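The values are calculated or read from the model by the stated rules, or taken from the named source; none is laboratory data. Values in this document were obtained by computation on a predicted structure and should not be read as measured data. Here the Cβ positions follow ideal geometry from the backbone for every residue, glycine too, while neighbour counts run over all protein chains shown.
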Amino acid sequence: MAKPDPAQLKARIRAGENVLGAFVFLPSPAVVEILAEAGFDFVIIDQEHSPRNPETVENMIRAAQARGIAALVRVERNEPIAILHALEAGAGGVVVPFIRDASDVRSAVAAMHYPPRGARGLCTQTRAAHYGALRTEFVAHAAARAEQLLLIGLIEDPSGIANIADITTVEDGLDAMLIGRGDLAATMGHLGHTDAPEVREAVLGAIHATVAGQQGMPRVRAGMTVFNAAECQAWRELGCNVFVAASEASLFLTAARQWAVGAADAALPAC
């Protein structure tokens, strides 16, 4: 079966199609390739908790593009220079942490796009601009690329939850909001307890506001970080269609533990 075009990830998300990604913390292009082979739709290269050098980020994006999978970057903070560096490296979009209100969304949009829509600095010599090879075709390329770039906002504290209606109705703003339950639980006084009733109530309220609070087909889709595959069905029934595995390390660790348990439990046949 042919893989979906990674350039169409934004369109697929907006159409309500289920998509699966994973946060990638290990600085390895091979990890990206393996996730692509496994059938993931996208990766989110982390720069917030595991900052890495620009060359590594570019190589991880190259690996994604070579294997036909979309590569996003979670920037370290909502600052124009961080977003610019991710996009110039060739990322298909950015994931911005700690979106707390509509102004945060507008700031990220401005950093992503060239004038007049935004305030992104122009350079035709970067990897994203084909190192200057586009010449007179750059304007058309930039316009087409702008329609494909993804902006996902992470909702991770009570302010983001309280302002979710404003956050998700900014015109030409987010494509999806992703709830980070770990940080949300911590900021609500429930460190390590993402299943606390107060946390779950906040999460469900944010999803409902995103899915039901807009006219017609939601422009901003709801997403969720998930800790196992079984969670996807439950969150889908609540309106989410963007699922992100908490980390590639957790996927590896889970599989490795299953192997270890299987080997330890292996027994000789009864005599």
Out of (1) over 28 Å from Phe40 (Cβ atoms); (2) of a type in the set (D, E, K, R); (3) surrounded by 15 or more Cβ atoms within 10 Å (Cβ to Cβ), the one Glu201 does not meet is (3)
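Is it the case, given these coordinates, that Glu201 is modelled with pLDDT of 95 or more and more than 20 Å from the chain's Cα centre (by Cα)?
In short, yes.
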Discussion item. Given the condition part of a loop (DSSP other than H, G, I, E, B), closer than 20 Å to Met60 by Cα, more than 16 Å from the chain's Cα centre (by Cα) and among the polar types (S, T, N, Q), answer yes or no: does some residue in region 113-124 qualify?
Written reply: no
For region 231-267, the count of residues that are surrounded by fewer than 19 Cβ atoms within 10 Å (Cβ to Cβ) and assigned to a helix (DSSP H, G or I) equals 22
Listed by range, helices (runs of 4 or more DSSP H) wholly within region 1-85 having at least 3 residues that are of a type in the set (Val, Ile, Thr) and within 21 Å of Glu231 (Cβ to Cβ) are none
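Does Leu184 satisfy the criteria of being under 16 Å from the mean Cα position of the chain (by Cα) and surrounded by 15 or more Cβ atoms within 10 Å (Cβ to Cβ)? Write out each step before concluding.
Numbers: under 16 Å from the mean Cα position of the chain (by Cα): no; surrounded by 15 or more Cβ atoms within 10 Å (Cβ to Cβ): yes.
Here the answer is no, as Leu184 does not meet what is asked.
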Within region 131-174, residues being in a helix (DSSP H, G or I), of a type in the set (Val, Ile, Thr) and surrounded by 14 or more Cβ atoms within 10 Å (Cβ to Cβ) number 3
